[in-house]
1. Taking H as built 1.01 Å from N, whose amide H comes closer than 5 Å to the amide H of A:Ala34, not counting residues under 5 places away?
2. Once amide H atoms are placed 1.01 Å from N in the peptide plane, what residues at a sequence separation of 5 or more from A:Tyr359, or on another chain, have their amide H within under 5 Å of its amide H?
3. Under the definition of partner shielding as Cβ atoms of other protein chains within 10 Å of a residue Cβ, what is the mean value for peptide A:232-239?
4. Can you work out the Karplus-derived ³J(HN,Hα) for every residue in the range A:341-355? Use 6.51 cos²θ - 1.76 cosθ + 1.60 with θ = phi - 60°, whole Hz, and x for glycine or proline.
5. Can you tell me the dipole magnitude for the range A:8-254 around its Cα centre, using point charges on the Cβ only (Lys, Arg +1; Asp, Glu -1), in Debye to the nearest 20?
6. What ³J(HN,Hα) values, in whole Hz, does the Karplus curve 6.51 cos²θ - 1.76 cosθ + 1.60 give for the range A:61-71 when θ = phi - 60°, with x put for Gly and Pro?
7. Report, for the range A:261-396, the % of DSSP beta bridges that are antiparallel, rounded to 5.
8. Going through the cross-link list A:Lys252/A:Lys314; A:Lys229/B:Lys82; A:Lys265/A:Lys314; A:Lys241/A:Lys265; A:Lys229/B:Lys34; B:Lys34/B:Lys82, which pairs have a Cα-Cα distance over 19 Å in this structure?
Amino acid sequence: MSVVKQDPRNSTALTGNEAVAQAMRQIEPDVVAAYPITPQTEIVQIFSTYVSDGLVNTEYVPVESEHSAMSATVGSAASGARSMTATSANGLALMWEILYIASGTRLPIVMPVVNRALSGPINIHCDHSDAMGARDSGWIQLFSENAQEAYDNMFQAVRIAEHPDVRLPAMVCLDGFIISHGMENVFTLEDNAIREFIGDYMIERSLLDVEQPMTLGPLDLQDFYFEHKRAEAEAMVRSKKVIQSIAEEYEKLSGRSYGLFEEYKLDDAEIAIVVLGSTAGTARYTIDQLRAQGIKVGMLKLRVFRPFPFEELKQALAHVNVIGVMDRADSFSSIGGPLFSELRAVMYDSETRPLITNYIYGLGGRDINPRLIEQMVRELADVQEAGRLNQYVNYLGVRE
Amino acid sequence: MSAKKERPISKTAGWRELPSGGMIPAGGTAEAFKTGDWRTIRPVHHREHCIDCMQCWAYCPDMAILLEDGVRVIGMDFDHCKGCGICANVCPTKPKSIDMVSEIEAQRKDAEGEGEE
Ligand code: SF4
Ligand code: SF4
């Protein structure tokens, strides 16, 4: 495999949606069935022009809803075709029923999810309530900080989903508008290198194989359903290793390294903030400012939310005194957001038991800026000083 | 219609051995799934009225109408007949060549008499 380093000649100014559409062109799935929804629309719109311009040999199915988009994708994946769709927010919600059928039937579909707040009240801007609602649907979930990561995650997602040890569908999450419509320099790879990296779609058995008839999606009652779900759970466990080894392979190809998460100035940090998605950029900037003032703060940016890398997180955060978990979604459980409750559960077993508090922020696209992150870190410093939490859940940037 | 087909997946198989995602890696497996004990009413065929029009055979949702030489109705496959009554309903002869009778009564009679099919 040829090694393409980050050569400026390979960089192009692209929005997140353009980068993802570009990745889809390079993947050239056999089937794309999609329905437009803001802020994802451009991905499938741009991709459909590739189809009509003959740049890809993909069967493009414009369907009447996201429920149909996911259903058509499930059907085509089962028939032996590499299949993709893309969505956001309420579109993802409308796919709900079929999300579970895709994962339960073990179909390696890859879907970019351009994160947007779920209505209501009606809102089209970024938060993670859409993807977080699907966190128990048996899909791999990779989060991206910027267009570059969204582009890179697309190819890795194809390999992860289709890996024989995994065979689970995968979502590539990117923040609506902030990433999807923001333009940045993206290092792209050659079409040939991508072809070689992703390889051919190999399914165990295809519905269209008349030599080997089979049934997919039969009634699965008390006598078998539990075993099938147990196997699905194990596939998610196994996917963690696969994600790491594919990241290593991708690094050789691209020169860009990926893991389960990324640490920033975490080694000697006393205060850690944990984030998903584009907020990591703002947090990195703020951390630099606060470090200059002597505040020992670092960041853990989670890339892989499903599977949840509990062992690795426990180790990476064991040495800090205080953790502020940033959730761009509320779970309405009355005890904070989904990332918070899972991370708290992980740290329960940690011998050091850092203090952990939750910051829910940015709902419905509410801006998150260095001033707010600084405010949060100063509050976390107060918690460290006091040695105890005032409250589990804080709402950052809301008008009181 | 031998009804001898093996189940392609063992009921005692652990989760590691099962084909993934609920897939059944074989065709025609409904034959191995005996649905005859669902029946509460049973079709009884009267050969003497039957004109072999095949309506019952075409409509039976369980392929449970037994044929001889592919053209002559000779009874029902009670391993799979669910007793839905469709065959009796569509039978065009007068009187009907298929009657629906109580399954329990029929089994009682079978047990008493020697006339088992
Ligand atoms: S429908 Fe009635 S007459 Fe026609 S083949 Fe069946 S039993 Fe005979
Ligand atoms: S009762 Fe229903 S299942 Fe039984 S033979 Fe008649 S049509 Fe078929």
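Nothing in this text is a laboratory measurement; each read-out follows from the coordinates by a stated rule. Since the structure is predicted, the reported quantities are computational estimates derived from the model, not experimental observations. Cβ coordinates were reconstructed from backbone atoms using ideal geometry, including for glycine residues, and neighbour counts include every protein chain displayed.
1. Residues meeting the criterion, in which the H sits 1.01 Å from N, are A:Val61, A:Val63.
2. Residues meeting the amide H criterion: A:Val325, A:Met326, A:Asp327, A:Asn394.
3. Taking the mean over all residues of the peptide, I get 1.
4. Those phi angles translate into 5, 6, 5, 4, 4, 4, 7, 4, 7, 6, 5, 7, 6, x, 6 Hz.
5. So the dipole magnitude of the range A:8-254 works out to roughly 260 debye.
6. 10, x, 9, 9, 6, 5, 4, 6, 4, 5, 5
7. Counting only bridges with both partners in the range A:261-396, antiparallel ones make up about 15 percent.
8. Listed pairs above 19 Å: A:Lys252/A:Lys314; A:Lys229/B:Lys82; A:Lys241/A:Lys265; A:Lys229/B:Lys34.
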